[in-house]
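Worksheet: the structure to be examined is printed underneath.
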Amino acid sequence: MVVQTKEKIDISIIIPVYNEERNIAPLCHLITEQMDGIGREYEVLFIDDGSKDSTFEELGKIAKDNRRVKVISFRRNFGQTAAMMAGFDHARGEIIVALDGDLQNDPKDIPKILDKLEEGYDIVSGWRKSRQDNFILRIIPSKIANWLIGLITGVRLHDYGCSLKAYRAEVIKNIRLYGDMHRFIPALASMAGGKIAEIEVNHLPRKYGNSNYGLSRTLKVILDLIAVKFLLAFSTKPIQLFGLLGLSSVFGGFLFLSLAIFMKIYLNTDMTGNPLLLLSVLLVLLGVQFIGTGLLAEVTVRTYHESQNKPTYLIKQIIDNGKMVE
Ligand code: UDP
Ligand code: MG
């Protein structure tokens with residue numbers, strides 16, 4: 001189901017909301033104030049992620065009075081990443097700005113972030129320099145997560161978790177998101193060849209409603225990070241990762257086996273009672289498993305790309321007959 005016609009406009013603001021009844025009206029007011037000031041064609045797209053309070057009714061009221069406001073309502077709670085994905089899929093804007101629906105991001109930053117994008121970036125990410133959240137439960141874990149993500153993906157940002165970001169539609173529409181992966185968009189976008197910038201933005205404490213996340217998110221982020229690293233580095237050649245692990249393991253296995261045989265011959269150590277024998281069997285088996293997994297992953301990758309007609313590359317521009325083709 002698509003909520004609107006496909007005709008393009010300048011800017012889409014997308015906002016995932018889950019149980020934010022008291023934030024909707026003031027947020028909409030602040031956004032309208034900023035966007036009317038910019039004087040470009042825009043829409044505000046709310047994605048109601050299966051709220052259990054009166055969020056949807058609030059949105060309905062606003063959408064009735066303000067034709068720029070569009071609402072997509074999920075049948076149940078699918079999570080912030082799915083809600084953002086729906087926003088990207090339905091947005092008509094050449095530029096898409098995402099922000100939280102809890103008034104923690106400041107709509108006053110929207111013009112600033114748009115200006116930065118105009119400098120020629122594909123994604124501009126907000127950095128909540130003075131973040132207004134619980135220090136132990138949120139700020140410290142997020143600092144560690146940001147450092148790890150930067151280290152592993154090679155895209156260094158201070159604040160991956162900040163929802164306030166501006167995206168060029170052509171870049172974001174090529175990125176598919178699964179699970180809780182919206183925080184990795186900059187890393188995935190850089191894999192797609194996007195240029196990324198970061199600017200400082202305001203962050204305000206939550207006034208109404210409760211945060212939906214706690215400490216457990218950090219663990220999930222670390223698991224997601226492993227998946228993203230794999231996607232970034234090996235998604236078209238998984239055998240190179242699994243094969244390497246497998247070969248090292250098999251090699252280790254044979255090494256320990258030789259050692260056990262050597263000990264038997266020269267030191268007269270009983271083979272069956274020697275733990276090295278068990279270790280070598282374990283390592284060889286493990287190695288074979290790794291290689292098998294790598295081969296299976298290779299098959300999956302081929303199915304993935306071919307079933308969806310997804311190329312293993314992204315083209316920026318083509319020159320044909322001396323002319324640029326889109
Ligand atoms: N959100 C959502 N679906 C969820 C959880 C959260 O759409 O399952 C929305 C929420 O309404 C808010 C944004 O995602 O607009 C960020 O959530 P929250 O404020 O709880 O996260 P925090 O700011 O504490 O990291
Ligand atoms: Mg919040």
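Here, each number is a calculation from the coordinates, and none is a lab measurement. None of the values given here were measured: they were computed from a predicted structure. All Cβ positions, even for glycine, are placed from backbone atoms using ideal geometry, and neighbour counts span all protein chains on display.
For the range 133-185 and the range 63-93, write down the distance between their C-alpha centroids in whole Å.
If we compute the Cα centre of each part, the gap is 21 Å.
Please list the helices of the chain that count as membrane-span-like by this rule: a mean Kyte-Doolittle hydropathy of at least 1.6 together with Cα atoms stretching 30 Å or more along the helix axis, each helix being a complete DSSP H run. Please list the in-between numbers first.
Numbers: long enough: 238-267 (42 Å, 1.72); 275-307 (47 Å, 1.28).
Counting only whole DSSP H runs, the qualifying helices are 238-267.
Between 256, 234, 88, find the one with the highest GNM mean-square fluctuation for the chain; connect C-alpha pairs within less than 10 Å.
The residue that fluctuates most here is 256.
Using mean Cβ contacts within 10 Å as the protection proxy, how do 130-138, 44-52 order, highest first?
Per-residue Cβ counts within 10 Å, averaged per peptide and sorted highest first, yield 44-52, 130-138.
Past 29 Å, Cα to Cα: identify those pairs from 52/112; 6/64; 112/207; 116/173, in the order given.
Flagged as over cut-off: 52/112.
Across the range 107-164, how large is the tail of the calculated P(r) beyond 17 Å, expressed as a percent of all Cα pairs? Numbers along the way, then the final one.
Numbers: 766 of 1653 pairs.
Tail of the P(r) past 17 Å holds 46 percent of the pairs.
Fewest first, what order do 115, 102, 224 take by the number of other Cβ atoms within 10 Å? Provide the component values of the computation, followed by the final result.
Details: 115 13, 102 24, 224 21.
So the ranking, lowest neighbour count to highest, is 115, 224, 102.
List the residues whose amide H sits under 5 Å from the amide H of residue 72, counting only those 5 or more places along or on another chain, with H placed 1.01 Å from N in the peptide plane.
Close amide H contacts, sequence-distant or interchain: 46, 47, 48.
I need the shape label for the range 208-291. Rule: rounded when a/c is under 1.5, else prolate if a/b > b/c, else oblate, with a, b, c from the alpha carbon gyration tensor.
Oblate.
Roughly speaking, what % of Cα-Cα pairs in the range 104-237 are separated by over 21 Å, rounded to a whole number?
The proportion of pairs with Cα distances above 21 Å equals 42 percent.
So what are the ³J(HN,Hα) numbers for the range 40-50, from phi and the Karplus equation (6.51, -1.76, 1.60; θ = phi - 60°), rounded to whole Hz, Gly and Pro as x?
Taking θ as phi minus 60°, the curve returns 10, 5, 9, 9, 10, 10, 9, 10, 7, 8, x Hz for the range 40-50.
Let me know the charge dipole size of the chain about its Cα centre in debye, to the nearest 20, where only the beta-carbon of Lys, Arg (+1) and Asp, Glu (-1) is charged. List each step's numbers first, then the result.
On the way: 39 positive and 36 negative charges, 106 e Å.
Dipole of the chain, to the nearest 20 debye: 500 debye.
Over the C-alpha atoms of the range 252-298, what are the Rg and the largest Cα-to-Cα span, Dmax, in Å?
Expressed in Å, the Cα Rg and Dmax of the range 252-298 come to 13.5, 45.
Could you give the spread of the C-alpha atoms of the range 1-76 along their three principal axes, from largest to smallest, in whole angstroms?
In descending order, the Cα extents are 35, 28, 18 Å.
With the dipole of the chain worked out from charges on the C-beta (+1 for Lys and Arg, -1 for Asp and Glu) around the Cα centre, which of 184, 272, 81 lies farthest toward the positive end?
The residue sitting farthest along the positive end of the dipole is 272.
Report relative contact order for the chain in percent, whole number only (criteria: Cα-Cα under 8 Å, sequence separation at least 6).
The normalised contact order for the chain reaches 16 percent.
With a ≥ b ≥ c the root eigenvalues of the C-alpha gyration tensor of the range 167-225, is it rounded (a/c under 1.5), prolate (a/b larger than b/c) or oblate?
Working: a/c = 2.23, a/b = 1.41, b/c = 1.58.
In terms of gyration-tensor shape, oblate.
Please say if the range 42-81 is rounded, prolate or oblate, where rounded means a/c under 1.5 for a ≥ b ≥ c the square roots of the C-alpha gyration tensor eigenvalues, and otherwise the choice is prolate for a/b larger than b/c and oblate otherwise?
oblate
Note the direction-averaged projected area, equal to a quarter of the hull surface, for the Cα convex hull of the chain, in nm².
The orientation-averaged projected area of the Cα hull of the chain comes to 23.3 nm².
Taking the Cα centre of the range 220-316 as origin, sum charge times position over the Cβ atoms of Lys and Arg (+1) and Asp and Glu (-1), and report the length of that vector in debye to the nearest 20.
340 debye
Counting pairwise Cα distances across the range 45-113, what percent come out greater than 20 angstrom?
32 percent
Provide the per-residue ³J(HN,Hα) series for the range 177-190, in order, calculated from phi with Karplus coefficients 6.51, -1.76, 1.60 and θ = phi - 60°, each as a whole number of Hz, with x at glycine and proline positions.
10, 10, x, 10, 8, 4, 5, 8, 3, x, 5, 5, 5, 5
Please list, in chain and number order, the residues 5+ apart from residue 200 or on another chain whose amide H is under 5 Å from its amide H, with Hs placed from the backbone.
Placed amide hydrogens put 127 under 5 Å from residue 200.
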